[in-house]
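The values are calculated or read from the model by the stated rules, or taken from the named source; none is laboratory data. Since the structure is predicted, the reported quantities are computational estimates derived from the model, not experimental observations. Heads up, the Cβs are rebuilt from the backbone with ideal geometry, glycines too, and the neighbour counts pull from every protein chain shown. With ligands, DNA and RNA removed, areas are computed over all heavy atoms of the protein, side chains included. Shrake-Rupley method; radii C 1.70, N 1.55, O 1.52, S 1.80 Å.
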Amino acid sequence: FLLWASAMLKHATSPIAMFQRRYSTRPLRQVQRALDEQIIGHAAGKEAVLLALIAQEHVYIEGPPVVAKTLLAETAAEAAGLSFFFYQMHRDTKLHELIGDAVILKEPAPEGGELVRSLTRPGGILTAELCVLDDISRAPGEALNILLRLLNERQYNGPSTGSESWQLPLRTAIATSNPSDPGSRYYTEPLDPACLDRFVLQLRSDGAVSAGRWDEAARIIDLFSEGQSSKPHRDHKVLQNGAAELQKATAAHAAVTVPLPVRQLLLKVLQQLVQKHGVNQKNSLLTDRTFLVKALRVMRARAVLEGRQECTAEDINILTFLTTFRLPEGIHAKIPRIIAEVIHKGASSG
């Protein structure tokens with residue numbers, strides 16, 4: 001264990017640095033190339049979307065308007081050959097706007113007269129493989145509750161289905177929202193923690209100018225000063241390649257293993273959060289589903305992105321995506337250091 005943990009600590013990299021390796025060494029290179037062509041910066045957001053596509057999980061991105069949140073999802077969907085659904089949530093969002101058209105049928109009643117039935121013609125989230133739910137926190141409670149159940153169960157039971165359940169082809173949903181910080185100019189009411197927990201991967205996003213990333217801002221200016229279309233055309237063969245890559249990555253994900261030493265390190269990180277950093281039910285959302293089940297799915301997705309058939313200690317860094325809004329901000333900021341300390345301690349005591 002000592003040699004193994006020491007090697008993993010030596011070669012561990014941050015989530016963003018890991019994403020920036022060469023396309024030729026990683027799966028989904030067609031999708032990654034499309035994301036880099038269309039979106040400058042936002043390395044963490046790109047990796048979160050790729051991890052979600054492979055693990056078939058959902059993503060929540062919080063940030064001010066016009067920071068490429070929607071473009072990120074649209075580009076990934078097109079490059080991976082996925083059917084796409086976008087909806088801008090609002091206070092009066094109705095369920096049928098999300099699941100398809102409401103159809104009124106009139107039929108003769110057996111005893112005479114007329115029988116009127118309301119049916120749903122499937123559409124929207126019921127037929128899409130990737131969907132973007134923009135400004136999700138604005139959705140009214142009734143629509144939001146059903147929506148979150150659809151995301152969780154990936155099946156629909158309604159008046160139109162009779163006794164059957166409609167299985168959704170949905171692979172990944174990406175929900176976006178303006179900042180929930182009361183001091184933000186774009187403040188919006190935060191999602192209920194239980195609702196937010198449906199989105200396994202979570203991150204904050206910001207713009208190059210507001211964040212002071214001037215090299216990135218200069219690259220954006222250079223890109224759009226060339227008079228190029230903001231959305232380059234991709235031929236059918238390219239889209240087919242992207243779809244094939246995703247299918248291959250999905251199959252690889254099912255075969256990835258998580259060795260016992262890696263599982264032990266993950267558990268030690270969680271123990272540190274509770275015992276040393278004061279994480280509890282009052283200040284955090286540290287659920288078994290997310291951190292004992294979903295975390296392993298995302299770790300295996302990272303291994304696939306790295307072209308490995310086995311998880312290593314560096315894959316525990318996916319906790320940076322899982323703790324963004326589940327832990328107090330100050331503790332979340334320490335996650336990379338906490339992970340590094342646990343790995344180092346394991347190597348020293350191995």
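Tell me, please, whether a residue that is open to solvent by 10 Å² or more (accessible area, probe 1.4 Å) and more than 18 Å from the chain's Cα centre (by Cα) can be found in the range 74-90. Steps first, please.
Filtering the range 74-90 for residues open to solvent by 10 Å² or more (accessible area, probe 1.4 Å) gives 74, 78, 81-88, 90.
This time we only want the ones that are more than 18 Å from the chain's Cα centre (by Cα), so: 90.
Yes: one or more hits.
So, restricting to helices (runs of 4 or more DSSP H) that lie completely within the range 1-76, which ones have at least 2 residues that are at pLDDT 80 or above and out of contact with any strand residue (DSSP E or B) (no Cβ under 7 Å at 6 or more places or on another chain)?
On the way: elements: 2-11, 15-19, 29-38, 43-55.
Helices (runs of 4 or more DSSP H) meeting the threshold: 29-38, 43-55.
Which residue pairs have Cβ atoms under 6 Å apart, sit 6 or more places apart or on different chains, and have a first residue in the range 80-105 that is free of Cβ contacts under 8 Å to residues at least 24 places away in the same chain and a second that is of a type in the set (D, E, K, R) and part of a strand (DSSP E or B)?
From residues that are free of Cβ contacts under 8 Å to residues at least 24 places away in the same chain, the pairs are Asp101/Arg121; Val103/Arg121; Leu105/Arg117.
For the range 254-267, name all the residues that are surrounded by fewer than 17 Cβ atoms within 10 Å (Cβ to Cβ), in a helix (DSSP H, G or I) and within 25 Å of the chain's Cα centre (by Cα).
Ala254, Ala255, Arg263, Leu267
Which is in contact (Cβ under 8 Å) with a residue 24 or more places away in the chain, among the small types (Gly, Ala, Ser) and open to solvent by 20 Å² or more (accessible area, probe 1.4 Å), of Gly330, Gly307? Can you show your working first?
Numbers: Gly330 fails: in contact (Cβ under 8 Å) with a residue 24 or more places away in the chain.
That would be Gly307, the only listed residue that is in contact (Cβ under 8 Å) with a residue 24 or more places away in the chain, among the small types (Gly, Ala, Ser) and open to solvent by 20 Å² or more (accessible area, probe 1.4 Å).
Might you check whether a residue that is over 27 Å from Gly207 (Cβ atoms), out of contact with any Pro (no Cβ under 8 Å at 6 or more places or on another chain) and surrounded by 16 or more Cβ atoms within 10 Å (Cβ to Cβ) occurs anywhere in the range 106-116? First the steps, then the outcome.
Start the filter on the range 106-116 by keeping residues that are over 27 Å from Gly207 (Cβ atoms), which leaves 106-116.
This time we only want the ones that are out of contact with any Pro (no Cβ under 8 Å at 6 or more places or on another chain), so: 106-113, 116.
Filter once more, keeping what is surrounded by 16 or more Cβ atoms within 10 Å (Cβ to Cβ): none.
No; the residues of the range 106-116 include none that is over 27 Å from Gly207 (Cβ atoms), out of contact with any Pro (no Cβ under 8 Å at 6 or more places or on another chain) and surrounded by 16 or more Cβ atoms within 10 Å (Cβ to Cβ).
Is the range 313-321 home to any residue that is surrounded by fewer than 17 Cβ atoms within 10 Å (Cβ to Cβ) and in contact with a helix residue (DSSP H, G or I) (Cβ under 7 Å, 6 or more places away or on another chain)? Even if it seems obvious, please write down each step before you answer.
Taking the range 313-321 and keeping what is surrounded by fewer than 17 Cβ atoms within 10 Å (Cβ to Cβ), we get none.
The answer is no; no qualifying residue exists.
Could you give every pair whose Cβ atoms fall below 8 Å, whose first residue belongs to the range 175-197 and is in a helix (DSSP H, G or I), and whose second residue is at pLDDT below 80, counting only separations of at least 6 or pairs across chains?
Hits for this filter: Leu196/Pro190.
Can you report the number of residues in the range 268-295 which are assigned to a helix (DSSP H, G or I), among the polar types (S, T, N, Q) and surrounded by fewer than 14 Cβ atoms within 10 Å (Cβ to Cβ)? Even if it seems obvious, please write down each step before you answer.
If we filter the range 268-295 for residues that are assigned to a helix (DSSP H, G or I), which is where we start, we get 268-275, 288-295.
Subset that is among the polar types (S, T, N, Q): 271-272, 275, 290.
Within this subset, residues satisfying the condition of being surrounded by fewer than 14 Cβ atoms within 10 Å (Cβ to Cβ) are 271, 275.
Looking only at that region, the number is 2.
Could you figure out which of (1) touching a strand residue (DSSP E or B) at 6+ places or on another chain (Cβ under 8 Å); (2) of a type in the set (S, T, N, Q); (3) outside any loop (DSSP other than H, G, I, E, B) isn't true of Thr324?
The single condition Thr324 does not satisfy is (3).
Please tell me if Leu246 is modelled with pLDDT of 85 or more, at negative phi and open to solvent by less than 50 Å² (accessible area, probe 1.4 Å). Walk me through it before giving the result.
Numbers: modelled with pLDDT of 85 or more: yes; at negative phi: yes; open to solvent by less than 50 Å² (accessible area, probe 1.4 Å): yes.
So Leu246 passes the test.
Determine, yes or no, whether Arg91 is more than 30 Å from Ala244 (Cα to Cα) and in a loop (DSSP other than H, G, I, E, B). Before you say what the answer is, go through the steps one by one.
Working: more than 30 Å from Ala244 (Cα to Cα): yes; in a loop (DSSP other than H, G, I, E, B): yes.
Yes.
If Arg302 satisfies every condition in (1) open to solvent by less than 20 Å² (accessible area, probe 1.4 Å); (2) over 22 Å from Leu53 (Cα atoms) but one, which is the exception?
Only one criterion is unmet by Arg302, namely (2).
For Arg213, state whether it is open to solvent by 40 Å² or more (accessible area, probe 1.4 Å), at pLDDT 80 or above and of a type outside the set (A, V, I, L, M).
Values: open to solvent by 40 Å² or more (accessible area, probe 1.4 Å): yes; at pLDDT 80 or above: yes; of a type outside the set (A, V, I, L, M): yes.
In short, yes.
Please list, ordered by first then second residue, the pairs with beta carbon atoms under 7 Å, 6 or more apart or interchain, first in the range 52-78 and closer than 21 Å to Arg213 by Cβ, second among the acidic types (Asp, Glu).
Hits for this filter: Gly63/Asp206; Pro64/Asp206; Val67/Asp206; Thr70/Asp134.
Sort out which residues of the range 131-142 are buried (at least 19 other Cβ atoms within 10 Å of the Cβ) and assigned to a helix (DSSP H, G or I), and write them in order of number.
Across the range 131-142, the qualifying residues are Ile136, Ser137.
Looking at the range 117-130, is at least one residue open to solvent by 80 Å² or more (accessible area, probe 1.4 Å), touching a strand residue (DSSP E or B) at 6+ places or on another chain (Cβ under 9 Å) and either aromatic (Phe, Trp, Tyr) or at pLDDT 80 or above (or both)? Walk me through how you get there before you give the answer.
Residues of the range 117-130 open to solvent by 80 Å² or more (accessible area, probe 1.4 Å): 117, 121.
Then keep just the ones that are touching a strand residue (DSSP E or B) at 6+ places or on another chain (Cβ under 9 Å); that gives 117, 121.
So of that shortlist, the ones also either aromatic (Phe, Trp, Tyr) or at pLDDT 80 or above (or both) come out as none.
Scanning the range 117-130 turns up no residue that is open to solvent by 80 Å² or more (accessible area, probe 1.4 Å), touching a strand residue (DSSP E or B) at 6+ places or on another chain (Cβ under 9 Å) and either aromatic (Phe, Trp, Tyr) or at pLDDT 80 or above (or both).
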